[in-house]
Amino acid sequence: MEGQLSLELETNQNRPCTAWNLSVLYHESDTSDETGDLAHTFCPRDIIKSYSLPWRLGTVLLRLRAMTRTLPDYILRWRSQSVFANTRVSGPTTAPEQNAACHSACATYKFLSALSLLVLVVNC
């Protein structure tokens with residue numbers, strides 16, 4: 001089974017990128033902090049932005065950097081699209097319910113000491 005992960009970030013704040021930003025990083029398990037190369041950076045002035053990540057990429061890291069007293073206010077939406085052996089494309093998956101078992105999309109949250117790091121894991 002192959003799949004693709006799509007992210008959509010949105011905010012109503014019109015702030016410079018130096019106030020706060022959200023980085024989408026590739027996951028690399030062989031590094032000490034498990035962060036890989038930078039895929040995208042979302043700045044508040046972008047208002048809304050969509051990212052389609054490469055096929056077979058099942059894990060990304062989201063790093064929030066805030067250098068302001070005003071708390072960042074943003075919305076994160078994601079979709080995973082799977083292609084099975086019969087070449088049919090499944091519809092987008094929704095976020096798992098709080099008590100539901102994880103079938104096709106799981107969000108795992110890790111908070112590291114000095115920065116907020118969200119690990120988004122999709123079974124692709």
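Every read-out reported here was derived from the displayed coordinates using simple, explicitly stated rules and does not represent laboratory data. Predicted model only: the values in this text are computed from it and were never measured. Cβ: placed from backbone, ideal geometry, glycine included. Neighbour counts: every protein chain shown.
Enumerate the amide H contacts of Arg15 below 5 Å, restricted to partners 5 or more residues apart or on another chain; note that Pro and chain-start residues carry no placed amide H.
Arg45
Once the Cβ-Cβ distance between Tyr74 and Tyr26 is put in as r, and R0 is 25 Å, what FRET efficiency do you end up with, to the nearest 0.05? Mind dumping the intermediate values first?
On the way: r = 20 Å, r/R0 = 0.82.
Result of the calculation: an efficiency of 0.75.
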